[in-house]
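Read through the structure below, which is laid out as structure tokens, and then see the notes.
Every number here is computed from the coordinates shown, using simple stated rules; none is lab data. Computed from a predicted model, the values in this text were never measured in an experiment. Counting neighbours? That spans all protein chains shown, and the Cβs are built from the backbone with ideal geometry, glycine included.
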Amino acid sequence: MDDPQYLGNGSRWPEIRAEAIRIVERNPTEIALAWGTGSGKTALGADLFCYYAHRILPGIASGSFFRKYTLRGDKPVFFFCLATRTQQARDNFFAEVCGRLQRSAWFEEHFPPDRDIRRRIIFTRDKERLPLIIEPQGSSERGPLAYDCYCCAIDEAGWFVESEGKVGDLAENLYHRIRSRMISRFLGDGILMNLSAPRYMDDFVQRRVREIEESGDERLYASRKAIWETHPQLMAQLEAGEWFEAPHPETGRLTRIPVSLQAAFQSNPDMSWRDFGALPVSTLMAFDPKAVDFLRNCATLPGPSDEPDQSAVHYVHADIGLSQDACAVVMVHVCGFTADDEPVVAVDRAEVVPRRPDTGEVELEDVKRLVLGWRDEGYRIAQASFDWFQSADLRQRLERMGVRTKRVSVDASTEAYDRLKVLLHESRFAYFRGTSATERFEREYRSLELVRGVKVDHPPGGSKDVADAIAGAASEAVKALGASNGHIGFEVL
């Protein structure tokens with residue numbers, strides 16, 4: 001890092017240099033850094049990328065690297081830098097790696113990158129390409145998994161949000177699958193980095209840092225750092241006595257914070273502790289941190305219902321989105337009881353109503369037609385409920401067609417989601433996989449966040465349309481059962 005022949009350029013923060021030395025001396029196979037925004041974790045990761053490339057390039061060129069792992073050497077070895085989008089990976093982490101390589105006399109002399117390095121880096125020797133490639137990619141689970149990945153950085157892993165609400169769980173899926181690939185190819189060698197500012201208390205990187213800290217495994221490395229523990233100017237402010245004090249959210253002890261951050265802490269202390277102090281706070285947390293396990297246990301139905309059970313009554317709930325959000329409609333019924341007489345709820349149908357191609361909007365007539373179509377198939381619909389948004393006209397139309405309706409909002413409180421969570425955790429909920437709607441439900445439910453303990457919401461850029469519809473339908477089915485004193489065969493209009 002200091003030698004100008006390698007990575008020395010005189011601009012590296014002292015604490016980043018010290019942290020890199022600690023990591024290299026440990027020689028871990030995994031690194032998890034939960035650092036504040038702007039604290040230099042991407043710069044550190046780029047330093048390590050270059051270091052590990054420097055370490056294995058001679059063996060790549062001679063072939064000894066492949067012989068060590070009994071590989072044929074006919075496939076390239078990859079260093080992947082992953083972000084939520086490929087362009088983000090290219091503009092941030094990958095750009096830092098490119099800058100270091102372009103300034104390194106050693107790489108330019110011995111293994112110069114081939115031609116244009118804006119999209120990927122392919123090292124060469126004597127103008128011949130070598131099978132070692134550094135490449136940026138987005139957060140697709142399919143992207144890096146078919147390749148021999150020796151080094152991978154998942155940048156901002158706690159913030160993996162995509163258009164349909166993928167967050168946290170996506171980073172965890174990537175982590176496990178890449179880790180398995182590394183083990184099968186490189187016998188436990190290689191390096192996997194999870195770098196992220198915190199999102200909420202149980203996001204993937206926060207859990208992984210905690211697990212590493214508790215494991216005591218010397219081949220794993222984790223650290224937490226606030227921005228004032230790495231940024232030279234902020235560290236200088238503390239040393240000069242230019243600080244204010246704020247109570248630490250976990251310990252309550254007064255903590256010295258650089259005065260230049262005081263306005264931000266006064267304006268929004270929770271987000272400032274999260275963004276700058278690398279401390280996730282309880283205002284934002286995963287609604288169901290173990291959602292993946294419980295969803296897996298409840299995905300027991302072979303598919304959507306294709307024949308009505310004449311002894312059952314069904315409940316429909318629709319989350320209506322006309323142009324921006326999706327419009328999801330779900331039908332459920334109470335399919336039985338446990339030994340303790342607790343109801344078991346099954347999903348019959350789950351649909352996302354498409355937007356009309358001519359208007360780009362969902363037509364309420366399509367929603368009405370879907371509900372009435374289910375009734376015409378023989379399903380005894382006890383109630384069709386709708387959220388508050390523009391539901392009055394639709395309810396009036398259905399009432400005229402003999403369907404009892406109700407206005408229900410799952411956003412007014414956490415009640416509906418709390419019921420769904422209990423059903424999932426007690427294995428009293430059954431649904432099917434393999435449709436676009438239920439796959440969307442799984443993604444949405446895993447990413448739900450509990451905001452200040454009073455609201456269940458999706459992450460920025462995400463959605464919860466199908467999850468809202470399922471929570472509303474399941475909750476109404478259970479509530480109606482209680483209102484009827486346990487009898488499910490009450491009157492249907």
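Observations on the structure shown:
- Each of 205, 63, 222 was placed along the dipole of the chain (beta-carbon charges, centred on the mean Cα), and the one lying farthest toward the positive end is 63.
- Rough spin-label spacing in nm, given labels placed 7 Å along Cα→Cβ, for residue 393 and residue 297: 4.5 nm
- Degrees separating the helix 204-215 axis from the principal Cα axis of the chain, which is the longest one: 60 degrees
- The phi torsions of region 409-416, fed into the Karplus equation with coefficients 6.51, -1.76 and 1.60 and a -60° offset, translate into couplings of 10, 7, 8, 5, 7, 8, 4, 5 Hz, rounded to whole numbers, with Gly and Pro shown as x.
- For residue 111, no residue 5 or more places off, or on another chain, has a built amide H under 5 Å of its own.
- Pairwise label distance in nanometres, residue 411 with residue 114, each label 7 Å out on the Cα-Cβ vector: 5.1 nm
- Candidates 326, 305, 111 compared by Cα position along the dipole of the chain: farthest toward the positive end lies 111, with charges placed on Cβ.
- Projected label distance in nm at residue 376 and residue 342, using a 7 Å step from Cα toward the beta-carbon: 4.0 nm
- Of 68/290; 68/127; 368/421; 75/464; 368/464; 41/290, pairs whose Cα-Cα distance is over 32 Å: 68/290; 75/464
- From least to most packed, judged by other beta carbons within 10 angstrom and beginning with the fewest, 54, 176 follow the order 176, 54.
- Close amide H partners of residue 381, meaning residues 5 or more places away or on another chain with modelled amide H under 5 Å apart, are 314.
- Sorted by Cβ neighbour density within 10 Å, fewest at the top, the residues 207, 199, 55: 55, 207, 199
- The long axis of helix 436-447 is offset from the longest Cα principal axis of the chain by roughly 60 degrees.
- Evaluating 6.51 cos²θ - 1.76 cosθ + 1.60 at θ = phi - 60° for every residue in region 57-68, the Karplus couplings come out as 4, x, x, 4, 5, 7, x, 5, 4, 6, 5, 4 Hz, glycine and proline recorded as x.
- Sorting the segments 36-49, 110-123 by their mean number of nearby beta carbons within 10 angstrom, highest to lowest, gives 36-49, 110-123.
- MRE, 222 nm, helices only [DSSP H, n ≥ 4, -39500 (n - 2.57), over the chain, to nearest 500]: -11500 deg cm²/dmol
- Highest mean first, the peptides 147-154, 331-338 sorted by other C-beta atoms within 10 Å per residue fall in the order 147-154, 331-338.
- Ranked by the mean number of other Cβ atoms within 10 Å of their residues, highest first, the peptides 60-68, 434-442 fall in the order 434-442, 60-68.
- What you get for the chain, charging only the Cβ of Lys and Arg (+1) and of Asp and Glu (-1), is a dipole of about 1100 debye around the Cα centre.
- For 445, 175, the sequence from fewest to most other C-beta atoms within 10 Å is 175, 445.
- Amide H to amide H, with H built 1.01 Å from N, residue 125 comes under 5 Å of 130, counting only residues 5 or more places away or on other chains.
- Separation of region 71-117 from region 324-357 is 47 Å, based on Cα centroids.
- Across region 110-121, computed HN-Hα scalar couplings (Karplus, 6.51 cos²θ - 1.76 cosθ + 1.60, θ = phi - 60°) run 9, 9, x, x, 7, 6, 6, 9, 6, 10, 7, 10 Hz from first to last residue, x flagging Gly and Pro.
- All Cα pairs of region 291-483, percent lying beyond 26 Å: 26 percent
- Region 1-64 and region 367-414 have Cα centres lying 58 Å from one another.
- Angle between the chain longest axis and helix 169-186 axis [Cα atoms, degrees, rounded to 10]: 50 degrees
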